[in-house]
Amino acid sequence: MATPDIHRSIEAIWRIEAPRLIGALARQTRDVGRAEELAQDALVAALQTWPENGVPDRPGAWLMAAANRRAIDAFRRDSMIERKHRELAGEGEGFDPGFEEAIDDGLGDDLLPLLFVACHPLLSPESRTALTLRLLGGLTTAEIARAFLVPEATVAQRIVRAKRTLAEAKVPFEVPHGAERTARLASVLSVIYLIFNEGYSASAGDDWIRPDLCEDALRLGRILAERMPEEAEAHGLVALMELQASRLRARTGPNGEAVLLMDQNRARWDWMLIDRGLAALGRAEKAGAAGPYTLQAAIAACHARARTAEETDWARIAALYAALAEVMPSPVVELNRAVAIGMAFGPAAGLDHLDTIADAPVLADYHFLPAARGDLLAKLGRSDEARAEFERASALARNERERDQLLGRAATVR
């Protein structure tokens, strides 16, 4: 009889091995949907066999061998059907003997092409995220649905449609080259950072942070940077995520309440992650011109280097936001720049800058805008206005912890 420990072991092994397994199978079958089905078949075989025989010494190789057998059986079956059709059409052509050898090549280094396929611009951002977490994060449909607070059926539908879209478009299983690679890399980076952000600052629900999503994104980012060492922005993204992830333990209080950056106990920051982030930032700066992720990492580094909140170099942060606005113009960037200006040069200067973008349509329902205004107004002693802004921000926030935190700020304005 299977014990809970065996099932936990199988689950842990599956999380580690599934992305490489699916990648290797997708390389051979040229079909992400078929690859995942074969990998799932291998998992079923493991669930049937390992509880009785024990976990093999090389579980990844065992799973690959099981998936290979099913792939070869399926290919032979499909090949036989196709051959019969060809024979009826007068085109005798036999089974490709090279397939069995090719699929036995082993796991190989297939994670990078799989990542580029899952993040293909043909897919919607939501579908890219769901498919990436499914294929490379090892998450179940239910886990993805819980992470993003959407119905499980919605996530399942996104994944099915994504696989169908990729199959119908005959998207090649490869890392693209030239201009296409640059364009596709932007999509990959965007998906990874979206996953990280949902873990770092959950957009909705009762939890302020979801560390598991941050870990998934960090793992994908590290894979990308390791396999594309010449890409500055890959290192920049890893640096940004490492530095932000270093604060995770300090972002919540004893009861799960949100703790803002300036109020965090910096002794709880993870200094190993900070060291890793600063090293990644150094690699990014050496690899090429600073792009959006590298600039954001440089901003995060300013906070990481400050042992106390008072030591923060806000003037440099404001300058970095100005540089970021040049390469990635956005009202959200300008909002953050206004906050930095307020910290560096006084709340009146920050409020003046904030008012220049307050009417931007993209900020209409963005709760950080009234929250930033409330903070600046409170520092100027305009308590009634500040309180109203915090209350407005709370009404717009979708995350329960964030909503409570904003209401708390409104209550303490004097």
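Does the range 213-228 contain at least one residue that is under 19 Å from the mean Cα position of the chain (by Cα), over 23 Å from His120 (Cβ atoms) and either surrounded by fewer than 23 Cβ atoms within 10 Å (Cβ to Cβ) or of a type in the set (Phe, Trp, Tyr) (or both)? Give the derivation first.
Just the residues of the range 213-228 that are under 19 Å from the mean Cα position of the chain (by Cα), to begin with: 213-228.
Cutting the leftovers down to over 23 Å from His120 (Cβ atoms) gives us 214-215.
Among the residues that remain, those that are also either surrounded by fewer than 23 Cβ atoms within 10 Å (Cβ to Cβ) or of a type in the set (Phe, Trp, Tyr) (or both) are: 214-215.
For the range 213-228, residues under 19 Å from the mean Cα position of the chain (by Cα), over 23 Å from His120 (Cβ atoms) and either surrounded by fewer than 23 Cβ atoms within 10 Å (Cβ to Cβ) or of a type in the set (Phe, Trp, Tyr) (or both): present.
Here Ile299, Ile341, Ile274 are screened, and the one residue that is in contact with a Ser or Thr (Cβ under 9 Å, 6 or more places away or on another chain) and β-branched (Val, Ile, Thr) is Ile274. Checking each residue of the range 185-208 against the condition of being in contact with a strand residue (DSSP E or B) (Cβ under 6 Å, 6 or more places away or on another chain), in contact (Cβ under 8 Å) with a residue 24 or more places away in the chain, part of a loop (DSSP other than H, G, I, E, B) and under 26 Å from Leu273 (Cα atoms) gives at least one match. Once the range 383-409 is narrowed to residues that are buried (at least 19 other Cβ atoms within 10 Å of the Cβ) and of a type in the set (A, V, I, L, M, F, W, C), the residue that is farthest from Thr252 (Cα to Cα) is Ala386. For the range 276-314, a tally of residues being assigned to a loop (DSSP other than H, G, I, E, B), of a type in the set (A, V, I, L, M, F, W, C) and surrounded by 17 or more Cβ atoms within 10 Å (Cβ to Cβ) returns 1. Note on the range 6-43: residues that are of a type in the set (Lys, Arg) and buried (at least 19 other Cβ atoms within 10 Å of the Cβ) amount to 3.
Pairing residues of the range 391-403 that are under 12 Å from Leu369 (Cβ atoms) with residues that are in a loop (DSSP other than H, G, I, E, B) and among the aromatic types (Phe, Trp, Tyr), at Cβ distances under 8 Å and at least 6 apart in sequence or on separate chains, gives Leu396/Tyr366. Of the residues that sit in the range 292-334 and are farther than 20 Å from Ala349 by Cα and among the polar types (S, T, N, Q), which one is modelled with the lowest pLDDT? Here the residue is Thr308. A single entry from Ala358, Ala349 fulfils the requirement of being at pLDDT 95 or above, out of contact with any Asp or Glu (no Cβ under 6 Å at 6 or more places or on another chain) and outside the structural domain of Ser383 (by TED's automatic domain parsing): Ala349.
The values are calculated or read from the model by the stated rules, or taken from the named source; none is laboratory data. These figures come from a predicted structure and were not determined experimentally. Glycine also receives a Cβ, built like all others from the backbone with ideal geometry; neighbour counts cover every protein chain displayed.
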